[in-house]
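What follows is a set of notes on a single structure, which appears directly below.
Every read-out reported here was derived from the displayed coordinates using simple, explicitly stated rules and does not represent laboratory data. What you see is a predicted model, and the numbers here were worked out from it, not measured in a lab.
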Amino acid sequence: MGFNLRGAIMANIQGSSEEDVEATILDAIQRGEEKMLPGLGVLFEVYWKNADEQQKEEMCQQISQGLQ
């Protein structure tokens, strides 16, 4: 029986306010700990699933530019 990390993260962040989400993102980036990456990935997945095509394109452009 495997551990559902995505489900655990979703349960942990469910109902978070905008301020909570921002604090989570900033904390993860500032700490730079590898263990925070799955949580950021789940937040990105939530964003992606709720974004329209233009938002997705803009996000991909921003990420691509940031990788230059």
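Screening region 32-54 for residues that are in a helix (DSSP H, G or I) and over 15 Å from the mean Cα position of the chain (by Cα) and picking the one that is nearest to ASN4 (Cα to Cα) gives GLU53.
The set of residues from region 55-68 being hydrophobic (A, V, I, L, M, F, W, C) and in a helix (DSSP H, G or I) comprises MET59, CYS60, ILE63.
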